[in-house]
Structure formats: structure tokens, C-alpha cells
Amino acid sequence: MRLPGLKLMGAHGDGFIDPLDPEYLCREISGGTNRILGTVRIPTGEHLQEMVHGNRILRNSISLLAARG
């Protein structure tokens with residue numbers, strides 16, 4: 001997942017921030033269940049989100065959450 005113009009503050013779980021592009025949250029392909037959490041401060045307004053998602057296991061989902069503050 002990439003948020004153009006917004007640098008990620010942290011990555012947790014099985015994900016990591018690309019060292020060459022701090023706007024990009026990614027993970028290595030591996031077996032089993034993976035959980036990834038990325039944090040970013042987003043100013044009020046509309047923002048473009050770019051995502052590439054492949055499903056090789058039948059159970060897969062993407063959640064996007066937001067909170068004030």
C-alpha cells in the first residue's frame with residue numbers, strides 16, 4: 001500500500017516500510033496468516049491510496065481505519 005505524499009511513521013506485525021520509499025508499506029510473501037499495521041498522520045481532506053493486492057489463499061481482507069488525534 002502506498003499513500004503518495006504521506007510518509008509512514010511506523011510498521012508493525014509482518015509488514016515494513018520500504019527503506020527507499022517511506023510512503024510504501026509492504027510485506028514479503030510468505031505462507032500462513034500475516035497481520036500488518038502501518039501508522040501515518042493524515043491531514044484533513046481527500047488522499048489518493050495505491051494498493052496492489054494478490055490473493056493466493058482464500059481468506060484475505062484489507063481494513064483501513066482512522067481515528068482523531
Considering residues of region 10-24 that are in contact with a strand residue (DSSP E or B) (Cβ under 7 Å, 6 or more places away or on another chain) and in a loop (DSSP other than H, G, I, E, B) only, the residue nearest to ILE42 (Cα to Cα)
GLU23
Residues within region 28-41 that are surrounded by fewer than 10 Cβ atoms within 10 Å (Cβ to Cβ) and at pLDDT 85 or above, tallied:
1
What's the total number of residues in region 43-69 that are surrounded by fewer than 10 Cβ atoms within 10 Å (Cβ to Cβ), at pLDDT 75 or above and of a type outside the set (S, T, N, Q)?
10
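The values are calculated or read from the model by the stated rules, or taken from the named source; none is laboratory data. Predicted model, so just to flag it, every value in this text is computed and none were measured. With ideal geometry, Cβ positions are generated from the backbone for all residues, glycine too; neighbour counts draw on all protein chains shown.
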